[in-house]
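Step one of this worksheet: look at the structure below.
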Amino acid sequence: MAQQEIVSVGPKQLEGILRVPDDPIGLVIFAHGAGSSRRSPRNNHVAEALGQRGIATLLFDLLSEEEAMDRANVFDIPLLGRRMVEAVDWAMVQPGLADLQVALFGSSTGAAAALVAAAEAPDRFASVVSRGGRPDLAGQVLPQVRAPVLMIVGGHDGPVIDLNETAAAQMTCPHEIQIVPGATHLFEEPGTLDQVIDLAGDWFERHFTKGDQQ
């Protein structure tokens, strides 16, 4: 069972939820989509399941309350990407986290923020997972991403499948697209989010392990 605490992340002291199991194998930092927050029920469900695999997780608000009032900030992908890097900087000086490899899990527009962070600091991340993401919004930085990227998309989320394929064509890092049959954009259908958890958990475990062996 992972220990859970409320933390203040980065220079803006953004509120977050940190879960740390015994002897964690790595840390996954979440980037939520527009209009969501650290309280995202789907991301918290994923985080709890990753904790059962021995993975520490951090969900935090990418914007302060004041910043979030300006809708332009919600879609400012470079700003959100910088917040992800600041979260890594914060984690790397925390007791119990400093020695862990870090991976990113992005949902919707948060996937673009995660990829911008991975491009900005290409040697700092073990892997990236996108759930129903918009990696295309990362634009010109996609070729700079080095970490292995897994893009998980619902089988009934046709336009987003196309956008993920467009983004994948620009990537030079190892990458995969996994389609979850019968799932729509939010993976609300019975059993579909569990499939996301299995795919993401396996991906994180595989690349944390590879990092340990390098």
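Looking across region 7-25, not a single residue is assigned to a loop (DSSP other than H, G, I, E, B) and under 16 Å from the mean Cα position of the chain (by Cα). Pick from region 135-170 the residues that are part of a loop (DSSP other than H, G, I, E, B) and either among the polar types (S, T, N, Q) or open to solvent by less than 10 Å² (accessible area, probe 1.4 Å) (or both): which of them is farthest from PHE208 (Cα to Cα)? Result: GLN170. Restricting attention to region 175-198, the residues that are free of Cβ contacts under 8 Å to residues at least 60 places away in the same chain and in contact with a Lys or Arg (Cβ under 9 Å, 6 or more places away or on another chain) add up to 1. Please verify whether region 124-134 includes one or more residues that are hydroxyl-bearing (Ser, Thr, Tyr) and either surrounded by fewer than 17 Cβ atoms within 10 Å (Cβ to Cβ) or in a strand (DSSP E or B) (or both). Yes: region 124-134 contains one or more residues that are hydroxyl-bearing (Ser, Thr, Tyr) and either surrounded by fewer than 17 Cβ atoms within 10 Å (Cβ to Cβ) or in a strand (DSSP E or B) (or both). Residues that are in contact (Cβ under 8 Å) with a residue 40 or more places away in the chain and surrounded by 16 or more Cβ atoms within 10 Å (Cβ to Cβ) within region 39-54 comprise SER40, ARG42, ASN43, VAL46, ALA49, LEU50, GLY51, ARG53, listed in sequence order. The set of residues from region 95-106 being open to solvent by 10 Å² or more (accessible area, probe 1.4 Å) and at pLDDT 95 or above comprises LEU100, GLN101.
Pairs linking a residue in region 7-34 that is acidic (Asp, Glu) to a residue that is in a strand (DSSP E or B), with Cβ atoms under 7 Å and 6 or more positions apart or on different chains, are GLU15/ILE6; GLU15/SER8; GLU15/PHE60. Annotation note: Cβ proximity below 6 Å between a residue of region 162-173 that is more than 9 Å from ASP136 (Cβ to Cβ) and a residue that is surrounded by fewer than 14 Cβ atoms within 10 Å (Cβ to Cβ) (sequence gap 6+ or interchain) occurs for THR172/PRO143.
Only one residue in LEU97, LEU14, LEU79, LEU62 is touching a His at 6+ places or on another chain (Cβ under 8 Å) and farther than 19 Å from ILE197 by Cβ, so which one is that? Working first, answer last.
Values: LEU97 fails: touching a His at 6+ places or on another chain (Cβ under 8 Å); LEU14 fails: touching a His at 6+ places or on another chain (Cβ under 8 Å); LEU79 fails: touching a His at 6+ places or on another chain (Cβ under 8 Å).
Unique residue meeting the criteria: LEU62.
Every test in (1) open to solvent by 10 Å² or more (accessible area, probe 1.4 Å); (2) of a type outside the set (D, E, K, R); (3) at pLDDT 95 or above; (4) touching a strand residue (DSSP E or B) at 6+ places or on another chain (Cβ under 8 Å) is passed by VAL116 save one, and that test is (4).
The values are calculated or read from the model by the stated rules, or taken from the named source; none is laboratory data. On a predicted model such as this, the values are computed, not experimentally measured, just so you know. So basically every Cβ, Gly included, is an ideal-geometry build from the backbone, and we count neighbours across all protein chains shown. To get the accessible areas, we keep the full protein, side chains included, count just its heavy atoms, and leave off ligands, DNA and RNA. Shrake-Rupley method; radii C 1.70, N 1.55, O 1.52, S 1.80 Å.
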